[in-house]
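Peer 1: Quick one: the structure is below, and I'll ask about it shortly.
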Amino acid sequence: MLTPEQNDLLARVGPGTPMGRLMRRYWHPVAAVGELDDNPVKAIRLMGEDLVLFKDVTGEYGLLERHCPHRRADLSYGWVEEDGGLRCSYHGWLFDTEGRCIGQPFEQIAHPEANFKEKVRAPAHHVQAKAGLLWAYTGEEPVPELWDWDRFYDRGYKQVVFSEIPCNWLQCQENSIDPVHFEWLHSNWSLRRNGSSEYSPTHTRIGFEEFEFGIRYLRIRSDTDEENELWKVGRVCLWPNALYTGHFEWRVPIDDENTLSVGWFIDPIPGEQPFEQEHIPYWHSPIVDKETGRWISSHIMNQDFIGWVGQGSVSDRWNEHLGESDRGVIMLRKQFMDDLAVIEDGGDPKGILRDADRNAMVPLPRIRAEIGQFAPTKHPPRFPFLVDQPEAVSSEYHALWAEYGGELPS
Ligand code: FES
Ligand SMILES: [Fe+2]
């Protein structure tokens, strides 16, 4: 349980807030590389700040404050110019990826000698492409390394899926360290949905182990023991706002009441021959059933979303009753509280990597036994995580499955 003041302190990440300062010390995925290939200008909202992301003709990315420094028009309605920069659609001022003003059409005609553009700058942030995603860093210098996780390099068919969740990011992230919910929200609920009155194997023991980049959560169920990787390796609550289980799920704060769920998935490709994926597809998954107006509950992450939004716009944690199953949630909150003090003292919070030499295929703990939904399949596995995978994505994957010697369902 938290007091209303502690709750606000941990949940709110707008500009100028303590937790906002802490969360701005990390890189956040905000878009797919493919999105900017399709349309080079994109409006972004990150931690309550409106930004514009763009890719110029040289392939360089820029991330600027959304409002033009001239008279504050929305730069996401601007366009990328052939000879460089992002042009504001209101009066044509032009900005490069660093935010420098490199063109002011009428001012240059009226007062060419004044060189007014030298005096104007759009606030600019850092952006990097990695693993088919575009990552933003909007915090203070020096900029840490953007994690280069080993999983990004594994052989397989990758895809990126976005969903917008209308609630605060912290309750989404608390789900990343909540082993027992899996038994109920996913397993038992799915059994009921399928008409079964059975119960799935129950948790008999849970554990939490801290490591450099997060906290592993461990479980023993009535059908597993201490030798099982679910206990020896576990799943990863990845710092500061992700879940890693072999795929990644980032919970990126759009603002205090909205979260961008960014899923990064990898599916097997049959055979051993080298496989390189030229383009990682991206798509948006809906969360509301248009017919009923209710949340969609058919897929694993959609079930998670129901857990999160059900807690309210910003969960009122002073009304909680935490038990033993919530030990990880308590650890997570304490770590954030501790890190608020650490950054006040000028230190680095948990999970920051500064050594560029170390930042190459950094290993994360991962269960290797192919069990349950990860068991090898004769046919291409279906995508169980989010609803409405586009036909173009599944058919591309099926075509690759066949091309690499796999069998397709008849
Ligand atoms: S507001 Fe952007 S050029 Fe005038
Ligand atoms: Fe879940």
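Readers should treat all values here as calculations from the given coordinates under stated rules, not as data from a laboratory. No experiment lies behind these values; they were computed from the predicted model shown. Ideal geometry is used to build each Cβ from the backbone, glycine not excepted, and the neighbour counts take in all protein chains shown.
Peer 1: Charges only on Cβ, +1 for Lys and Arg, -1 for Asp and Glu: so what's the dipole of the chain about the Cα centre, in debye to the nearest 20?
Peer 2: 600 debye
Peer 1: Computed over the Cα atoms of the chain, what is the ratio Rg over Rh, Rh following Kirkwood?
Peer 2: Result for the chain is an Rg/Rh of 0.99.
Peer 1: Taking the 0 to 90 degree range and rounding to the nearest ten, how far is the long axis of helix 327-344 tilted relative to the main principal axis of the chain, both from C-alpha atoms?
Peer 2: 30 degrees
Peer 1: Now for a different question. Rounded to the nearest 10 degrees, what's the angle between the helix 391-403 long axis and the longest principal axis of the chain, both from Cα atoms, 0 to 90?
Peer 2: 70 degrees
Peer 1: With r as the distance between the Cβ atoms of residue 154 and residue 356 and R0 = 25 Å, compute the FRET efficiency 1/(1 + (r/R0)^6) and round to 0.05.
Peer 2: The formula returns an efficiency of 0.65 here.
Peer 1: Assuming R0 = 30 Å, can you tell me the calculated FRET efficiency for the pair residue 79 and residue 129, based on Cβ-Cβ distance, to the nearest 0.05?
Peer 2: Approximately 0.90, to the nearest 0.05.
Peer 1: Of the cross-linked pairs 232/378; 130/350; 55/117; 55/350; 42/158; 55/158, which ones have a Cα-Cα span greater than 25 Å in the structure shown?
Peer 2: Distance filter (> 25 Å) returns 232/378; 55/350.
Peer 1: Now for a different question. Just to check I understand the Karplus step: with θ = phi - 60° and J = 6.51 cos²θ - 1.76 cosθ + 1.60, what whole-Hz values come out for the range 148-162, glycine and proline as x?
Peer 2: 10, 5, 4, 4, 4, 9, 5, 6, x, 8, 9, 8, 10, 10, 10
Peer 1: What ranking do 95, 182, 275 get, fewest neighbouring Cβ atoms within 10 angstrom at the top?
Peer 2: Ranking 95, 182, 275 by Cβ neighbours within 10 Å, fewest first, gives 275, 182, 95.
Peer 1: By count of other Cβ within 10 Å, fewest leading, how are 285, 297, 410 ordered?
Peer 2: Fewest-to-most Cβ neighbours within 10 Å comes out as 410, 297, 285.
Peer 1: Across the range 14-19, in residue order, what do the Karplus-derived ³J(HN,Hα) couplings come to in whole Hz, using 6.51 cos²θ - 1.76 cosθ + 1.60 with θ = phi - 60° and x for Gly and Pro?
Peer 2: x, x, x, 8, x, 5
Peer 1: Calculate the length of the line joining the C-alpha centroid of the range 1-77 to that of the range 227-297, in whole Å.
Peer 2: 20 Å
Peer 1: Neighbouring Cβ atoms within 10 Å as the yardstick, rank 119, 232 fewest first.
Peer 2: 119, 232
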